[in-house]
Amino acid sequence: MTVRVARTQGQRLARALPIVVAFGLLAACATPGSSGSAQVVSATPNATAPSVSSTSPGNPGSTPSFEPTAAEPVEFEPPAAACPAPPNAVTIPDVMVSIGAGPAIVATRGSSSVVTCSTVGSDDVAAVDPRQGLVAHPGDVITLSLPAGWRFLHWEGSDRPAAGEGANVWLGAATPARPDRIEVPVPIRPGDSIAAYTLWVIGAEDRAIGNLEILIRVRIG
């Protein structure tokens with residue numbers, strides 16, 4: 001982790017740390033919302049305002065329909081971090097991933113960055129494809145979860161075969177309600193795939209804006 005004191009506000013600093021995924025990262029505009037009770041967002045890639053539904057045990061929310069897209073992205077601009085900056089360095093927590101009622105596992109982390117109103121931290125990681133993963137069926141979605149105190153702002157991603165060539169790109173969506181859980185698509189091809197997602201998150205009482213890459217191995221049976 002490399003941290004340096006910055007002379008500009010967090011929103012400008014966020015633009016200085018783009019994270020590049022092997023297949024290119026596509027984004028959509030976001031409208032910041034207020035935090036609230038735990039929610040799950042049906043983050044439909046081509047939607048400008050994803051539907052949001054409150055969650056309760058046994059009710060994971062509506063299941064969205066996803067299609068890969070070739071649409072031109074619009075650069076996502078995260079909100080500025082609130083001041084003052086946290087007194088200690090901030091690390092983005094692990095993201096838990098699950099399918100349906102199955103057990104949750106920790107997503108494999110890639111590169112990340114954290115911006116506060118006065119500092120920037122980055123952690124460049126050459127992520128290795130995970131060997132273990134999740135088993136899904138066509139039409140399933142992957143639930144991504146953050147611990148208390150952290151919320152999603154935006155997601156985007158891609159997937160490719162675990163062996164072989166070819167890729168799908170998911171335009172992604174903003175999550176204006178800032179939920180702590182979102183649903184993202186599983187790969188559409190049979191067999192093993194590596195799904196890569198880039199996430200914008202907010203935490204530390206809105207005083208830290210984070211950008212994180214994760215990898216998930218998914219087997220479609």
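Every number here is computed from the coordinates shown, using simple stated rules; none is lab data. Note that the structure is a prediction, hence the values are computed from the model and not measured. Cβ atoms come from the backbone with ideal geometry, glycine included; neighbour counts cover every protein chain shown.
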Which residues in the range 98-121 place their backbone N less than 13 Å from a point set 7 Å from the Cα of Cys83 along the Cα-to-Cβ direction?
-> 116-119
The range 158-166 - phi-based ³J(HN,Hα) in whole Hz, Karplus 6.51/-1.76/1.60, Gly and Pro as x = 7, 9, 8, x, 5, 9, x, 10, x
